[in-house]
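So the structure is just underneath, and the comments pick up after that.
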Amino acid sequence: MSDATLSPAAMVGTTPEQLTTADGKPLKQALMRAQSHARRRAFLLVAPLLAFILLTFVMPIGQMLHRSVHNEGFTWHEDVASGQRTPIMTNLSQWFDQNELGTEPDEAAFAALAADLIVLREVKAAGQAGTRINYERSGSRSMFTKAARRAQRLEAPYKEAIVDLDEDWLDPDLWRVMRDASSSYTANFYLAALDRTKDADGNVTQVNENRQVYVKLFQRTLFLSIVITFMTFILAYPIAHLLATLPLAKSNLLMILVLLPFWTSLLVRTTSWMVLLQSQGVVNDALVSTGILADDNRLEMMYNQAGTLIAMTHILLPFMVLPLYSVMRPINPSYVRAARSLGATSWTAFRRVYFPQTVPGIGAGALLVFILAVGYYITPALVGGADGQLISNLIAFHMQNSLNWSLAAALAALLLGGILLLYWLYDRLVGIDNLKLG
């Protein structure tokens, strides 16, 4: 008998507050202890999953958001071998703290810079500090490395000595960037991700037109993702309807064809499309051999938006078919037959009876395909070319090539924010309760 089991004698002539368990303990305390034990057991059951989500999902996103506003390249240097951290550019940072934005650098400023250049040479961090400034002002890295090599020979007046090395040290924009970089935390990477920058006075302005790439890539990513979602819907709806209306044995056999792409590597599927779509590929050769196209008028379907749309539509099609099939299968066909028996045409019966019941599957498939399309990387990189690249490809470029991780994190954070905003709009307009994945 459990602690919460009542003895018959305990229930005779007692008030609810006086009820006890078989072992004489108050019933209220026994129930609270049993509930607490159940909660602890439930927590322990989900604790491994919670820890997995925190370690592999929440913490990486948190680190990404922190990286997007934090960069110590101009303030601290960490020795990889020993792990020792050394403050750098401390003298110049003090000068920035003592002087307001827009103050013209004087001899004291250049003296502080000269002292910091000596430190950069000693700890071999000139390239690191220059790279941090180079993120916002191109050409700065070589200035820092050149000045650090000659730092020991610099003599007063330091302003004249440093300007003799490179006249760009007088550029007000350079000093504005160094002032911003003197603080490890900055929002400038978000400005860069939105094709914005600050002038010498600290005002936010647009970058030159020939350098405005990020906003256009965000727009292209949004446009292509919407088109891909629509194309998968148009193709998946009749496929899902066929699978849902066929006998179960036949539909299961055809379902294998829908699931077959999951058994093939994404890279293999993408390279297969490269073979099919290139100028001398299977599709163009077939069109030329049948006389539809002239040999000198082949279709350009590779390294442009057309290649990205075709390949990604094929790859993401199963993600639209499966949610649609899950909502179409339980629909009773007698509903449509009843509508037609009452005088409705086939189109009216479909539009008024059948289609509304598939809306939860449409919403689930559209949301799933859109989110996957926004973050796709391999397929646009291989078949998209310059015109078919998405924002994810530029994020990968900054992570792997330019090593501007803070800008990559800012771009990823904006992409995440945009997806969350669209998710919120979907919930407000359609309702997340109407979402059905299976």
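The values are calculated or read from the model by the stated rules, or taken from the named source; none is laboratory data. Remember, it's a predicted structure, so these values are computed and weren't measured experimentally. Here the Cβ is made from the backbone with ideal geometry for all residues, glycine too, and neighbour counts use every protein chain on show. Side chains included, ligands, DNA and RNA excluded: accessible areas come from the protein's heavy atoms. Shrake-Rupley method; radii C 1.70, N 1.55, O 1.52, S 1.80 Å.
Summary table
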{"read-out": "Failed item in (1) surrounded by fewer than 17 Cβ atoms within 10 Å (Cβ to Cβ); (2) touching a residue at least 40 places away in the same chain (Cβ under 8 Å); (3) within 30 Å of residue 200 (Cβ to Cβ), with residue 113 passing the rest", "value": "(1)"}
{"read-out": "Matching residues, the range 57-83, being assigned to a loop (DSSP other than H, G, I, E, B), of a type in the set (D, E, K, R) and farther than 13 Å from residue 406 by Cα", "value": "79"}
{"read-out": "Pairs where the first residue, in the range 240-269, is more than 19 Å from residue 331 (Cα to Cα) and the second is buried (at least 16 other Cβ atoms within 10 Å of the Cβ) and polar (S, T, N, Q), C-beta under 9 Å, 6+ apart", "value": "266/379; 269/379"}
{"read-out": "In the range 300-344, the residues that are small (Gly, Ala, Ser) and over 30 Å from residue 281 (Cβ atoms)", "value": "326, 334, 338, 339, 341, 343, 344"}
{"read-out": "Counted residues, the range 129-162 - those being assigned to a helix (DSSP H, G or I) and touching a residue at least 12 places away in the same chain (Cβ under 8 Å)", "value": "21"}
{"read-out": "Options 173, 180: the member that is of a type outside the set (Gly, Ala, Ser) and farther than 30 Å from residue 417 by Cα", "value": "173"}
{"read-out": "One residue from 392, 406, 346 being touching a His at 6+ places or on another chain (Cβ under 8 Å) and either closer than 30 Å to residue 429 by Cα or buried (at least 21 other Cβ atoms within 10 Å of the Cβ) (or both)", "value": "406"}
{"read-out": "Options 275, 268, 282, 288; residue that is under 29 Å from the mean Cα position of the chain (by Cα), β-branched (Val, Ile, Thr) and either at pLDDT 90 or above or open to solvent by 60 Å² or more (accessible area, probe 1.4 Å) (or both)", "value": "268"}
{"read-out": "Of all residues making up the range 317-342, the number that are in a helix (DSSP H, G or I) and either of a type in the set (A, V, I, L, M) or under 44 Å from the mean Cα position of the chain (by Cα) (or both)", "value": "16"}
